[in-house]
1. What number comes out for the charge environment of SER132, summing +1 per Lys or Arg and -1 per Asp or Glu over other residues with Cβ under 9 Å away?
2. Given (i) 74, 62, 51; (ii) 83, 69, 57; (iii) 112, 70, 54 as candidate values of Cα extents along the principal axes in Å, which corresponds to the one derived from the coordinates?
3. Nearest 500 deg cm²/dmol is fine: what mean residue ellipticity at 222 nm does the chain get from its DSSP H runs of n ≥ 4 alone, each adding -39,500 (n - 2.57), divided by its residue count?
4. Please figure out what share of the DSSP beta bridges in region 441-507 is antiparallel and state it in percent, rounded to the nearest 5.
5. What is the Cα convex hull volume of region 537-655 when expressed per residue in Å³?
6. Equivalent-ellipsoid semi-axes (√(5λ), Cα gyration tensor) for region 98-153, whole Å, largest first?
7. What nm value, rounded to one decimal, do you get for the distance between ASP305 and ASN430 when each label is placed 7 Å out toward the C-beta?
8. Out of all DSSP beta bridges with both ends in the chain, state the antiparallel percent to the nearest 5.
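The values are calculated or read from the model by the stated rules, or taken from the named source; none is laboratory data. Please read all numbers here as calculations on a predicted model, not as lab measurements. Here Cβ is always computed from backbone atoms with ideal geometry, including for glycine, and neighbour counts include all displayed protein chains. Just so you know, the surface numbers come from the protein's heavy atoms only, side chains and all, with ligands and any DNA or RNA stripped out. Shrake-Rupley method; radii C 1.70, N 1.55, O 1.52, S 1.80 Å.
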Amino acid sequence: MKTKIHQIICAVAIVLGFTACVDNDSDVPENRYSSTKVTAAGFLEQNEDKLSDFITMLKRTPYFALLSTYGDFTVFAPNNEAFDKFMQTHGYPTIEAIPQPVCDTLARTHIIKGEKAYFTTDISEGTIQEMSMADTYIELSVDIDEANNNALIHYANKTARIVQFDDSVTNGVVHIVSSMIPRTSDKLPDIIALDSTVTIFSQALFLTGMADSLMAYIDETYPEWGADKTSQDSIYTDNIKVACLSGDLTEVPARWPEKRLFKFTAFIEPDSVYKRYGINNLDDLIAYTKKIYDDSYPEDAGLYDDDFKNRKNPLNRFVSYHLFDRIMPYSDIIMSQDFFSSHWEKKKADPEEIYETLSPGGIVRFCTVGNDNELYMNRKGLNTNYSIRGVRVMKAQDSGTSLQQALNGMYHYIDDILAFSKEVREDVLNCRLRFDANVLSPDFQNSGARGRVGVQKIIAFRPGFIKNWTVMGEAAFVGLHGDGPWWSSYKGNAMNINGIFDVTFKLPPVPKSGTYEIRTGYTVGNERGVVQFYLNGVPCDIPVDLRIYGGDPTIGWVADASDETTEDKNLNKAIDKAMRNHGYMKGMDTWYQGGDKANSLRSHSHNLRKILATVYLDANQTYYLRARQVLKDRRCYWNFDYLELCPKSVYDSPQGEDQH
């Protein structure tokens, strides 16, 4: 029954799409219960009989006045019942007795000040794309009330029941909850240590010293709010020229984050999973990981067994392979959840994303399977057909009631043992490794820049504060625009790198040493630049002119034949081969601009892949790609869409590389 209800909810959400967005004018949609034209603050006062405690608390902070202003707010308003439970638990006799810092934290935890308002028709199950004002994510889930004709029950962060939802106001939406949305000031390792279902992994986390790697929260060296192109009154202060659909340049506002946060995500096997493999304690896990990693790294076998903090120790490798230096909400690990059904051709390939872990040299392939978009790690196959099942990541509603979100990150339960085994390195990851540009630094995700659907505004990044990147050059600018179904780019987003830039970023590691093609995906435009690429300081052929469309003879793009006959297929292969001879490839056929299946990126002469180098890459070595703008024009830019590391076993296979 729960699965069926979930399918119905997803279908409704897809149909409604973005229609729930608030325009902050007289056309505000009707309140779920009664028509209203009031602000969020006004709505709270209209419902003072059940929200008086929340109002009293908010008026002790700046946030009640904030909810009277222009903006797009999503408010989860705790009712008086929620405050009664909170005050009894913490021993506060009155609202006035709650310490001021606690009031401020409670207010920020329950308010999202974003670029749109979020209704349950937008997201019924999944993580809201923008963080709360307390820099934490709110995850929505549903259950069924069997005692009340199977009515849907909505929850925020698993335990806060939403008793009234989707009340539209002129500056957003208000949901009423019957308990406080849980939040903690503890760091991720401490939250994991409190979970009685993951004791074995928790012990390993501390024994290896990897817990110490998960303690950072905020960069104290980051310029203060109001400095370096930001201001509290006008967040979007600088306009960046980008190409719109007409091909003309348009100015798009850009925002620099107020602060730089460090966040982490862990994927953890519960003790019950270990027990299936005869692992009942930490010593059993140590023995298990030695067997796995001695096979995967035979050159290190037996050398570091007793040095658990050594990065080549088997247990250390195992634990750190479960850890990521970025925030990874379940529903946005692959791409914006709005796009799964309308923009990806699942019959050809599973939606995927690849991430680097905290284990040196370790990468994980995530993919989604089925209509419910079940999330897997290191799976090999297509949809429900697979040769290697992989490890399933459990959704919030299937994960009990433990708080899985810390001040500086979150963790997910997984249903099988995750390891960077020989099978994973040589089989699962023996594939074209495609990295969306916005996963090439954790700062792109920890800032909330990734996954902003339908938002054209750009999140910009200050040089010196992008992990794994160095940014230099006159008027150099690095930013990420929001995910747009209208963009002719992979997953609807891309990096905008503007000015007379000179940027260098670290390449993700390859799972196995060998010969690889290094490629970049990009879109062409008259306002683009000419870029010289370097690999570890060595030039990658001649500069790439990003202004030249695919139909130019130097590239050789020709539209595909119908692909219905053998003759057509052979013709398309011949076109692909001719393009490769020029160092280019078409875009993939699995992503559709605007959700139109006749409009895949492969059908666009302005969406190209450039083969930058064909080189031997050592799995134990670090590589850097440098991109230098050679035109002396500050208006030009590079629309950096994605990076590919493709092994020779794929691009030079007898059957040839697929078009996906």
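1. Working: positive: ARG108, LYS113, ARG183; negative: GLU130, ASP135.
Summing Lys/Arg as +1 and Asp/Glu as -1 gives +1.
2. (i)
3. Per the formula, -5500 deg cm²/dmol.
4. Taking every DSSP beta bridge with both residues in region 441-507, the antiparallel ones total about 95 percent.
5. Working: hull volume 17.3 nm³, N = 119.
Residue-normalised Cα hull volume stands at 145 Å³.
6. For region 98-153, the ellipsoid semi-axes come out as 27, 16, 8 Å.
7. 3.0
8. Just about 85 percent of them are antiparallel.
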